[in-house]
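Here the structure comes first, spelled out in structure tokens, and everything after it is commentary.
The values are calculated or read from the model by the stated rules, or taken from the named source; none is laboratory data. Computed from a predicted structure; not experimentally measured. Heads up, the Cβs are rebuilt from the backbone with ideal geometry, glycines too, and the neighbour counts pull from every protein chain shown.
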Amino acid sequence: MIDRVGLATFLRHRRESLQPEDVGLSRGQRRRTTGLRREEVAALCHMSTDYYARLERGTGPQPSEQMMASITQGLHLSLVERDHLFRLAGHNPPPRGAAGDHISPGLLRILDRLHDTPAEIISEVGETLRQSPLGVALTGDAALRTGPARSLGYRWFTDPSLRAPYPPEERDHLSRVYVAGLREVVTLRGPGSRAAQLAHLLEGRSEEFRMLWATHEVGLRPRDVKRFHHPEVGALELECQTLLDPEQSHRLLVYTAVPGSESYDKLQLLAVIGASSVV
């Protein structure tokens with residue numbers, strides 16, 4: 001059963017304990033609010049201010065698990081706090097570890113500060129969980145993808161248009177990298193894992209995947225410099241730095257260009273243009 005009073009109190013205390021800087025927001029000169037404003041939290045959680053305010057007042061219907069997941073990430077909750085929040089709302093907490101989508105507060109704090117840099121947090125099977133604004137502009141809005149298509153590797157083998165931005169001479173290598181990486185995760189997580197389910201789906205959808213899967217190749221890694229063609233700014237050469245969260249097996253990918261290079265100037269232009277229509 002939902003504990004409306006407990007839920008309302010917990011949300012209010014968590015909101016008041018966060019500062020704008022903690023979630024990548026500007027404080028402003030005339031701020032008097034203790035912690036975050038309700039409308040700021042609502043925006044971070046992708047819900048209306050009225051809906052969030054009703055939760056803090058202890059009114060309205062029982063929030064769904066999807067709403068709880070959004071609030072968890074919007075308020076930068078730890079795993080213990082997330083589980084507590086779900087139980088207050090009358091739900092069983094999601095699984096922990098690699099099978100979950102919960103992003104650690106530390107990783108979120110880093111991402112929140114990367115306003116002028118393309119960055120994304122991905123799961124071990126290549127699902128984009130969160131992006132910086134310039135990350136959306138560079139690779140498209142991951143929030144529009146659902147089901148298996150959340151995984152870049154799945155889209156790589158089932159949607160030919162996805163390969164268009166990448167140089168033809170690198171596509172075979174990228175195919176091998178995706179398959180080898182997935183096999184490593186399947187071996188690590190076992191036959192009932194999300195990785196194993198994804199591999200099974202791909203075996204039924206792609207002849208290329210089946211052929212590469214049969215080679216049992218492992219240990220391949222992406223090249224240090226990523227080259228692809230953006231529909232609005234053209235050819236880009238970007239280096240990719242990776243930060244690993246070992247508890248959740250999530251990776252923060254940060255894409256940078258050499259200062260003064262043509263790609264660097266194009267990233268500055270992309271920041272002005274904003275999010276493109278790339279999906």
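At pLDDT below 95 and farther than 25 Å from Gly135 by Cα: does that describe Arg189?
Taking the combined requirement at face value, the residue satisfies it.
Quick one: in the range 84-136, of everything that is polar (S, T, N, Q) and free of Cβ contacts under 8 Å to residues at least 40 places away in the same chain, which residue is farthest from Met1 (Cα to Cα)?
That would be Ser132.
Test each condition in (1) in contact (Cβ under 8 Å) with a residue 12 or more places away in the chain; (2) within 22 Å of the chain's Cα centre (by Cα) for Trp213 and report the one that comes out false.
The failed condition is (2).
Mind checking which residues of the range 237-270 are buried (at least 16 other Cβ atoms within 10 Å of the Cβ) and touching a residue at least 40 places away in the same chain (Cβ under 8 Å)?
Of everything in the range 237-270, those that are buried (at least 16 other Cβ atoms within 10 Å of the Cβ) and touching a residue at least 40 places away in the same chain (Cβ under 8 Å) turn out to be Leu238, Gln248, Ser249, His250, Arg251, Leu252, Leu253, Val254, Tyr255, Leu267, Leu270.
What number of residues in the range 46-61 are at pLDDT 90 or above and either small (Gly, Ala, Ser) or surrounded by 14 or more Cβ atoms within 10 Å (Cβ to Cβ) (or both)?
10
Could you grab me the full set of residues in the range 239-279 that are over 21 Å from Ile122 (Cα atoms) and at pLDDT below 85?
Ile273, Gly274
Considering Leu79, Leu111, which residue is closer than 30 Å to Leu138 by Cβ, over 16 Å from the mean Cα position of the chain (by Cα) and of a type outside the set (Gly, Ala, Ser)? Spell out how you get there, then give the answer.
Details: Leu111 fails: over 16 Å from the mean Cα position of the chain (by Cα).
Among Leu79, Leu111, only Leu79 is closer than 30 Å to Leu138 by Cβ, over 16 Å from the mean Cα position of the chain (by Cα) and of a type outside the set (Gly, Ala, Ser).
Just a yes or no: is a residue in the range 4-23 in contact (Cβ under 8 Å) with a residue 60 or more places away in the chain and more than 20 Å from Phe86 (Cβ to Cβ)?
From the range 4-23, those in contact (Cβ under 8 Å) with a residue 60 or more places away in the chain are 6-7, 10-11, 14-15, 22-23; that's our starting set.
Remaining after also requiring more than 20 Å from Phe86 (Cβ to Cβ): 22-23.
The answer is yes, given that some residue of the range 4-23 is in contact (Cβ under 8 Å) with a residue 60 or more places away in the chain and more than 20 Å from Phe86 (Cβ to Cβ).
Could you say which residue among Leu182, Leu162, Leu201 is of a type outside the set (Phe, Trp, Tyr) and closer than 30 Å to Tyr264 by Cα?
Criteria check complete, one pass: Leu162.
Could you look through the range 1-23, keep only residues that are surrounded by 17 or more Cβ atoms within 10 Å (Cβ to Cβ) and under 25 Å from the mean Cα position of the chain (by Cα), and pick out the one that is farthest from Arg109 (Cα to Cα)?
Here the residue is Leu11.
Pick from Gly219, Gly181, Gly192, Gly204: which is at positive phi, assigned by TED's automatic domain parsing to the domain that holds Thr158 and not in a strand (DSSP E or B)?
Unique residue meeting the criteria: Gly219.
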